[in-house]
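Have a look at the structure below before the remarks.
The values are calculated or read from the model by the stated rules, or taken from the named source; none is laboratory data. Treat the numbers as computed from the prediction; the structure is a model and nothing was measured. We place every Cβ from the backbone using ideal geometry, glycine too, and count neighbours over all the protein chains shown. Areas reflect the complete protein model, heavy atoms only, side chains present, ligands, DNA and RNA absent. Shrake-Rupley method; radii C 1.70, N 1.55, O 1.52, S 1.80 Å.
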Amino acid sequence: MTMSGGAAASIVPKLVDYPEAAPAVEPWPVREKKVCMCHRTLLAAGSLMTLLLLACFVLVRDSASSVAWLQMDVAKLTGMNNGTAGLTTNAPHGRDDLLGGLLPASMDRRSCRSRYESWRYYKYFPYAASRYLQRKLRAYEARHRRCAPGTPLYAKSLEQLRSGRSADGMECTYVVWLPFDGLGNRMLSMVSGFLYALLTDRIFLAALPPDSADLFCEPFPGTTWRLPVDHDFPIEDLVPRGQHIEKSYTRLLYAKVVGPDANATAGVPAYVYLSMGWQLKDPLFFCGEHQLVLAKVNWLLLYSDLYFAQSLYAVAEFQDELRRLFPAKESVSHLLSRYLFHPTNPVWSLTTRYYRSYLASAKRRIGVQIRMFSYGSIPADDMYTQILACSRQEHILPDTAAGGGGGGASDNGVLATRSDDNGDGSNSTAILVASLYADYYERLRSRYYEHPAKGGETVAVFQPSHEERQATDNLAHNQRALAEIYLLSFSEELLTSGRSTFGYVSSNLAGVRPTILLTAYGHKVPEPPCRRAVSMEPCNLTPPLGVECRGKPVDKEDLARHLRVCEDSNDSVKFFD
């Protein structure tokens, strides 16, 4: 693999968390059968009574709509332990509502509760933002306020955009993120685009479609990151319909519209598309000499479904700055995701209500995220076998007593326990399953219902939704998906699917190095079944390989030390320390 600051596309199968469209789903559909809830109230003499809620979801066909979430009255739970069960209540080592200086302090807390409450739900804070990154973010926020939509400088930039040519000396230049593929892909490409804006002193704007309009709070104080796309915006059909884009950088370069061979009298075009999807049509973007060309373009339109921060490190012009921003390379996506993404109040309420109802009282939470791609599909029986084999190998899920019977639950229960549980959740585990399908939840539920866990451990299994197919263009669907990402990120341990962007986002928000289920290439159960990640950084699933750049040489030894092959994909790369 050559990574000397440049690249050519290495085509891999399309990787989208939920590639198929689905019928629209109502925000709160009615479940197909009543939710079965198994309650066990345990009293400890002279101590506070703790209510242990365990819920299972059972499917029967008696309704046209499919359920996604269970709503509950949580008044009882709020009173339990003063409403702090399962939450971080102290703030050592920078674990505070500003995440150790990562977040700005000047934003309204009521309009976006998640921004200053999320630290109480995260279990790990492995990296603090460097002082340099904090200063860089505060400087970016000030620049964004000057250049954002609605400001005189933005109006000036729009006029320049209408002229059809870029101009030298513009105070505000932009990188505009365009939506591509599912939620996990979008979040990772947004992190990449924002990092690029930090490195190049551009303003990051997002052309959020209606299906994403009420997912995230504004990340920057006193301004907006939303690109107003209305009848006055100069570029028609802004979002491409495919990766073969007429005005992409490589096409314009070969047509001599930009670059060293371009007609100087014609000027630099006002905007250029960056086709950075899974086919990677613009691999020359990762060459330093081409960054010098792109620096003259006022508006860059980023169309990507990839996390490509690692490949920016392979650009010599960016390497020193990235070292200063992120002394620990494993922290890049972790810190930027916690900085950039804050669920809106409706999504946050959905998330925290579920967490407090079902997960908070457990001593340990394990997130299990299952995603199967068409090129690596196997029967549900084989997938379940792989999950259990991985669990035995890495000691993830609680062991069960061989041949043991039920643990005192009702017929449809999920409880596996023995009488030596203290009744205060001190020996309990909650398993959260995130999957489009109910199969794996049902099997895990049956496992712990039919066989007691060893050591008297109480085990509960939960699945918020199983919608069968994704409806990427449906806001309510995306809100529930985002809530599940955050529920996974509140886990102490994660078991995720290889090459899944949904799993990548959950892990880096959690600050957890997950155990990764390997893909069943050739439709065969892989051996070994999984690997424990050495780095929590997401994978660049289509890295720029094979093209030698002609610009400033990169530090190849440093590059080899920090960019390595992913644990779950032999033709992909990620950050390591």
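Considering only 441, 455, 427, the residue lying farthest towards the positive end of the dipole of the stretch 424-469 is 455, judged by Cα position with unit charges set on Cβ.
Under 5 Å from the amide H of residue 400 lie the amide H atoms of 454, each residue being 5 or more positions distant or on a separate chain, with H modelled from the backbone and absent for Pro and chain starts. A straight Cα-to-Cα reach below 17 Å connects residue 524 with the aspartates and glutamates 381, 382, 568, residues fewer than 8 places away in its own chain not being considered. Rounded to the nearest 20 debye, the dipole magnitude of the stretch 203-337 is 380 debye, with +1 charges on Lys and Arg beta carbons, -1 on Asp and Glu beta carbons, and the Cα centre as origin. DSSP finds beta bridges in the stretch 466-577, and of those with both partners inside it, around 70 percent are antiparallel. Couplings for the stretch 322-328, taken from phi via the Karplus curve 6.51 cos²θ - 1.76 cosθ + 1.60 with θ = phi - 60°, read 5, 4, 5, 5, 10, x, 9 Hz in order; Gly and Pro are left as x.
With a 1.4 Å probe and all protein chains kept in place, how do 439, 577, 305, 181 rank by accessible area, largest first? Kindly include the intermediate steps, with their values, before the conclusion.
Working: 439 65, 577 90, 305 5, 181 30 Å².
Result of the area sort, largest leading: 577, 439, 181, 305.
The residues neighbouring residue 507, those whose beta-carbon lies less than 10 Å from its own, together hold a net charge of 0 under the Lys/Arg +1, Asp/Glu -1 convention. Only Cα sites of the stretch 452-541 enter the Debye sum here, all with the same form factor; the resulting log10 I(q)/I(0) across q = 0.18 1/Å is -0.98, listed in q order. Calculate the spin-label point distance for residue 162 paired with residue 388, positioning each point 7 Å from the Cα along the beta-carbon direction, and give it in nanometres. About 6.7 nm separates the two model spin labels.
Our coupling estimate for the stretch 474-484, obtained by passing each phi through the Karplus curve with A = 6.51, B = -1.76, C = 1.60 and θ = phi - 60°, is 10, 4, 4, 4, 5, 5, 5, 4, 5, 4, 5 Hz, Gly and Pro reported as x. Proximity of backbone amide H atoms, modeled 1.01 Å from N, is registered between residue 369 and 434, 495, 496, 497 at under 5 Å, excluding neighbours fewer than 5 places apart on the same chain. What's the extension gain from residue 97 to residue 295 if we count 0.36 nm per residue and subtract their Cα-Cα distance? My answer for the length gained is 67.6 nm. Shape class of the stretch 204-336 from the Cα gyration tensor (axes a ≥ b ≥ c, square roots of the eigenvalues): oblate, since a/c reaches 1.5 or more and a/b does not exceed b/c.
Among 561-568, 120-127, the peptide with the highest mean count of other Cβ atoms within 10 Å heads the list, and the full ranking is 561-568, 120-127. Rounded to the nearest Hz, the phi-derived 3J(HN,Hα) couplings of the stretch 141-146 under the Karplus curve 6.51 cos²θ - 1.76 cosθ + 1.60 (θ = phi - 60°) are 4, 5, 5, 4, 4, 6, where x marks glycine and proline. Shape class for the stretch 270-350: oblate, because the ratio a/c of the largest to smallest gyration tensor axis (alpha-carbon atoms, square roots of eigenvalues) is 1.5 or more and b/c is at least a/b. Remark: accessible surface ordering of 107, 187 (largest first) is 107, 187, probe radius 1.4 Å.
Once you place label points 7 Å from the Cα toward the Cβ at residue 239 and residue 525, how far apart are they in nm? Label at residue 239, label at residue 525, 4.1 nm between them. For residue 545, the residues 5 or more places off, or on other chains, whose built amide H falls under 5 Å of its own are 8, 9, 10.
Cross-link check: pairs 136/296; 136/556; 123/329; 256/574 evaluated at a Cα-Cα cut-off of 24 Å; pairs beyond the cut-off: 136/556; 256/574. The simple spin-label model puts a point 7 Å past each Cα toward its Cβ; for residue 151 and residue 375 those points are separated by 4.3 nm. The stretch 157-195 and the stretch 468-517 have their alpha-carbon centroids 26 Å apart. Electrostatic bookkeeping for residue 139 treats Lys and Arg as +1 and Asp and Glu as -1; over the other residues with beta carbon under 12 Å from its beta carbon, the sum is +4. Residue 558 contributes an accessible area of around 10 Å² to the protein surface, as traced by a 1.4 Å probe with all chains present.
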